[in-house]
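Report on the following structure.
The values are calculated or read from the model by the stated rules, or taken from the named source; none is laboratory data. Just so it is clear, the model here is predicted, and its values are computed rather than measured. All Cβ positions, even for glycine, are placed from backbone atoms using ideal geometry, and neighbour counts span all protein chains on display.
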Amino acid sequence: MNLPGPIGPNARADQLEHPVPDYANPPYGARYGKTIKAFHRTGSHLVLGGMTPEDRDGTVLHPGRLGDNLTVEQGYAAARKAAINCLGMIRLATGSLDHVLGPVSALGFVAATPDFDRHHEVGEGVSDVLAEVFGEHGAVTRANVGVTGLARGNCFEVVLTVELKPHARRSI
């Protein structure tokens, strides 16, 4: 009898509360400028440019600022959505999340008022998604910083670096 093997990151990602976006259809375009790249591969590392909690049509999840018109829970949800968008960009770059050994680092930007001091609770949304998808390899080094504003009214943005398994497909 053939028993199914353990479920991999690609399959776990498809069980998340938001669908992982397909950045190949339609092709990912540079909404923020013509001279930036969505991702860069260097050796065994894949670095993603800033990912926000936007749908493919540009709809922003929880626009605004923490400490002003948004709660920590809304910021956390936005960070989760941004992390899920990262998964879609990793799929575009490598073909499958199963090619990822694990996340390396995440730098989160939280649009917040100067007196807001719970950035780490917002950024935990990224860490939680990565742990859910990559299991025991999902822990990530992370820093979160407060900023006065982000493009298009986003309340959160993340720059993520992941380590790829040897022989992972080359970026497109």
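Of note:
- Failed item in (1) buried (at least 22 other Cβ atoms within 10 Å of the Cβ); (2) out of contact with any helix residue (DSSP H, G or I) (no Cβ under 7 Å at 6 or more places or on another chain); (3) within 17 Å of Arg41 (Cα to Cα), with Lys81 passing the rest: (3)
- Residue check, Leu87 closer than 21 Å to Arg41 by Cα, buried (at least 16 other Cβ atoms within 10 Å of the Cβ) and not β-branched (Val, Ile, Thr): yes
- Check on Gly75, surrounded by 22 or more Cβ atoms within 10 Å (Cβ to Cβ), in contact (Cβ under 8 Å) with a residue 24 or more places away in the chain, out of contact with any Lys or Arg (no Cβ under 7 Å at 6 or more places or on another chain) and farther than 21 Å from His137 by Cα: yes
- Qualifying residue in the stretch 79-89 (condition: in contact with a Phe, Trp or Tyr (Cβ under 7 Å, 6 or more places away or on another chain), within 25 Å of Ala11 (Cα to Cα), in a helix (DSSP H, G or I) and not small (Gly, Ala, Ser)): yes
- Residue in the stretch 107-116 that is over 14 Å from the mean Cα position of the chain (by Cα), on the phi > 0 side of the Ramachandran plot, surrounded by fewer than 22 Cβ atoms within 10 Å (Cβ to Cβ) and not aromatic (Phe, Trp, Tyr) present: no
- The stretch 24-69 - residue that is among the aliphatic types (A, V, I, L, M), in contact with a helix residue (DSSP H, G or I) (Cβ under 8 Å, 6 or more places away or on another chain) and at pLDDT 95 or above and, of those, farthest from His120 (Cα to Cα): Leu46
- Candidate set from the stretch 38-78 (those that are assigned to a helix (DSSP H, G or I) and under 13 Å from the mean Cα position of the chain (by Cα)); member that is nearest to Glu17 (Cα to Cα): Ala77
- Against the numbered list (1) at positive phi; (2) without any contact (Cβ under 8 Å) to a residue 24 or more places away in the chain, Gly135 comes up short only at (2).
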